[in-house]
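Enquirer: Below is the structure I would like to discuss, written out as structure tokens.
The values are calculated or read from the model by the stated rules, or taken from the named source; none is laboratory data. Predicted model only: the values in this text are computed from it and were never measured. Here Cβ is always computed from backbone atoms with ideal geometry, including for glycine, and neighbour counts include all displayed protein chains.
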């Protein structure tokens with residue numbers, strides 16, 4: 001007998017597929033002739049169509065942001081703690097739209113999809129994607145749903161970069177922009193981490209220069225290492241210390257023992273890497289980390305973020321976390337300073353947390369949740 005789902009959940013949800021036959025010209029100059037987006041929606045769109053909220057996912061996210069796909073599968077959406085009745089993104093108030101971005105590997109058109117012009121898997125021939133391409137495809141999705149203006153666009157990390165791009169590219173279509181644990185562009189250190197992770201994938205003999213699907217292979221080792229590299233940068237030293245310390249999982253320090261010592265943190269990272277390698281596409285990982293690297297909000301505005309944000313018409317909430325060294329509070333303060341100099345309405349909060357970059361995903365952080373809820377509650381629909 002199936003167990004009952006948590007009462008504070010939105011319950012069972014089902015993804016939808018939206019097909020677009022109008023070609024999409026990409027920032028790279030290439031064109032996708034057709035494409036599909038996998039989407040989940042939560043709550044009800046009001047008669048005035050003014051209560052829609054777009055949730056943009058980060059690097060390894062997807063369309064399944066909240067609720068459950070079955071009563072037997074207890075794996076909730078990746079932001080389930082923050083989307084639902086009475087939660088910060090309250091589905092009793094808002095109509096929430098969450099999608100798997102172009103280039104993804106959870107149903108939307110991406111490297112593992114069939115190229116309609118060749119009848120073969122796109123693989124490494126799938127065109128490069130930029131954040132502005134995601135925003136353009138999301139705007140078309142909004143048109144399809146009859147949404148002319150978002151009450152809010154919300155995201156963390158790479159998702160927040162999409163939100164900021166929305167505020168510049170479609171300023172008349174956004175009322176509020178919520179930017180969590182993000183930056184206007186990556187630091188050199190961040191780009192270096194991403195390149196190191198990509199190299200782990202590209203060096204895997206089973207990668208076959210991105211053509212592994214036609215070789216009936218999966219670069220599991222490279223993808224697992226890439227995930228391990230990425231995952232450890234999302235955590236904080238303090239958080240890892242409290243969770244794992246130097247605790248041993250197995251092995252012995254005694255002389256003559258053949259079983260090597262294994263620390264809990266080693267086992268944890270290996271588990272994360274192996275699990276990820278079975279559920280994520282390697283070409284998608286390469287594509288999305290490059291989109292992250294290429295993002296520079298002010299590039300087209302003579303590298304002047306104030307001139308960039310001058311185009312925005314919406315209000316902003318910017319949140320950072322003290323222990324996030326991947327997207328440090330300094331990066332968020334740069335966003336806030338540019339917004340203030342551009343004379344924009346902005347609320348900023350720096351949340352005390354030991355969870356590193358992952359803090360925006362983790363539940364039971366009272367100040368974060370209360371602030372997030374208070375801001376969203378004030379949005380008029």
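Enquirer: Could you tell me which residue of segment 133-149 is surrounded by the fewest Cβ atoms within 10 Å (Cβ to Cβ), considering only residues that are over 17 Å from residue 289 (Cβ atoms) and in contact with a helix residue (DSSP H, G or I) (Cβ under 6 Å, 6 or more places away or on another chain)? Talk me through it step by step, then tell me what you get.
Expert: Taking segment 133-149 first, the residues over 17 Å from residue 289 (Cβ atoms) are 135-149.
The next check asks that each one be in contact with a helix residue (DSSP H, G or I) (Cβ under 6 Å, 6 or more places away or on another chain); those that pass are 135, 149.
Values: 135: 23, 149: 14.
Step by step, filter segment 133-149, then rank; the result is 149.
Enquirer: Just give me the residues in segment 7-21 being free of Cβ contacts under 8 Å to residues at least 60 places away in the same chain, assigned to a loop (DSSP other than H, G, I, E, B) and loosely packed, with under 13 Cβ neighbours inside 10 Å, in sequence order. Before you say what the answer is, go through the steps one by one.
Expert: Applying the first criterion (free of Cβ contacts under 8 Å to residues at least 60 places away in the same chain) to segment 7-21 yields 7, 11-12, 14, 16, 19, 21.
Pick out the ones that are also assigned to a loop (DSSP other than H, G, I, E, B) and you get 7, 11, 14, 21.
Result: 7, 14, 21.
Enquirer: What are the residues in segment 201-223 that are surrounded by fewer than 23 Cβ atoms within 10 Å (Cβ to Cβ) and under 22 Å from the mean Cα position of the chain (by Cα), if any?
Expert: The one that is surrounded by fewer than 23 Cβ atoms within 10 Å (Cβ to Cβ) and under 22 Å from the mean Cα position of the chain (by Cα): 220.
Enquirer: Shifting gears a bit: Only one of 54, 32 is surrounded by 15 or more Cβ atoms within 10 Å (Cβ to Cβ), in contact (Cβ under 8 Å) with a residue 40 or more places away in the chain and touching a helix residue (DSSP H, G or I) at 6+ places or on another chain (Cβ under 8 Å); which?
Expert: Numbers: 32 fails: touching a helix residue (DSSP H, G or I) at 6+ places or on another chain (Cβ under 8 Å).
54 is the lone residue from the list that is surrounded by 15 or more Cβ atoms within 10 Å (Cβ to Cβ), in contact (Cβ under 8 Å) with a residue 40 or more places away in the chain and touching a helix residue (DSSP H, G or I) at 6+ places or on another chain (Cβ under 8 Å).
Enquirer: Quick one: count up the residues across segment 351-368 that are within 20 Å of residue 61 (Cα to Cα), out of contact with any strand residue (DSSP E or B) (no Cβ under 8 Å at 6 or more places or on another chain) and either not assigned by TED's automatic domain parsing to the domain that holds residue 87 or not in a loop (DSSP other than H, G, I, E, B) (or both).
Expert: Taking segment 351-368 as the starting set, the residues that turn out to be within 20 Å of residue 61 (Cα to Cα) are 355-363.
Checking the rest, the ones that are also out of contact with any strand residue (DSSP E or B) (no Cβ under 8 Å at 6 or more places or on another chain) come to 358, 362-363.
Retained after the next criterion (residues that are either not assigned by TED's automatic domain parsing to the domain that holds residue 87 or not in a loop (DSSP other than H, G, I, E, B) (or both)): 358.
Here the count works out to 1.
Enquirer: Something else: Any idea how many residues of segment 85-127 are assigned to a loop (DSSP other than H, G, I, E, B), buried (at least 18 other Cβ atoms within 10 Å of the Cβ) and at positive phi?
Expert: Result for segment 85-127: 2.
Enquirer: Out of (1) under 30 Å from residue 236 (Cβ atoms); (2) in the same structural domain as residue 305 (by TED's automatic domain parsing), what's the single condition that is false for residue 151?
Expert: (1)
Enquirer: Say whether the condition of being under 23 Å from residue 294 (Cβ atoms), modelled with pLDDT of 95 or more, in the same structural domain as residue 131 (by TED's automatic domain parsing) and out of contact with any helix residue (DSSP H, G or I) (no Cβ under 9 Å at 6 or more places or on another chain) is met by at least one residue in segment 15-29.
Expert: Yes; the residues of segment 15-29 include at least one that is under 23 Å from residue 294 (Cβ atoms), modelled with pLDDT of 95 or more, in the same structural domain as residue 131 (by TED's automatic domain parsing) and out of contact with any helix residue (DSSP H, G or I) (no Cβ under 9 Å at 6 or more places or on another chain).
Enquirer: Within segment 296-331, which residues are over 23 Å from residue 89 (Cβ atoms), surrounded by fewer than 20 Cβ atoms within 10 Å (Cβ to Cβ) and in contact with a helix residue (DSSP H, G or I) (Cβ under 6 Å, 6 or more places away or on another chain)?
Expert: 298, 301, 306, 307, 311
Enquirer: Another question, then. Based on what the data block shows, is residue 24 more than 20 Å from the chain's Cα centre (by Cα) and either free of Cβ contacts under 8 Å to residues at least 60 places away in the same chain or surrounded by 16 or more Cβ atoms within 10 Å (Cβ to Cβ) (or both)? Walk me through how you get there before you give the answer.
Expert: Working: more than 20 Å from the chain's Cα centre (by Cα): yes; either free of Cβ contacts under 8 Å to residues at least 60 places away in the same chain or surrounded by 16 or more Cβ atoms within 10 Å (Cβ to Cβ) (or both): yes.
Yes.
Enquirer: Kindly establish whether residue 318 is within 20 Å of the chain's Cα centre (by Cα), outside the structural domain of residue 65 (by TED's automatic domain parsing) and either touching a residue at least 60 places away in the same chain (Cβ under 8 Å) or under 22 Å from residue 81 (Cα atoms) (or both). If you could, list the steps in order and put the result at the bottom.
Expert: Working: within 20 Å of the chain's Cα centre (by Cα): yes; outside the structural domain of residue 65 (by TED's automatic domain parsing): no; either touching a residue at least 60 places away in the same chain (Cβ under 8 Å) or under 22 Å from residue 81 (Cα atoms) (or both): yes.
Against the criterion (within 20 Å of the chain's Cα centre (by Cα), outside the structural domain of residue 65 (by TED's automatic domain parsing) and either touching a residue at least 60 places away in the same chain (Cβ under 8 Å) or under 22 Å from residue 81 (Cα atoms) (or both)), residue 318 does not qualify.
Enquirer: If you go through segment 206-229 one residue at a time, how many are without any contact (Cβ under 8 Å) to a residue 12 or more places away in the chain and part of a helix (DSSP H, G or I)? Spell out the reasoning first.
Expert: Quick first cut of segment 206-229, residues without any contact (Cβ under 8 Å) to a residue 12 or more places away in the chain only: 208, 215-217.
When the remaining residues are screened for being part of a helix (DSSP H, G or I), the result is 208.
Residues flagged as without any contact (Cβ under 8 Å) to a residue 12 or more places away in the chain and part of a helix (DSSP H, G or I) within segment 206-229 amount to 1.
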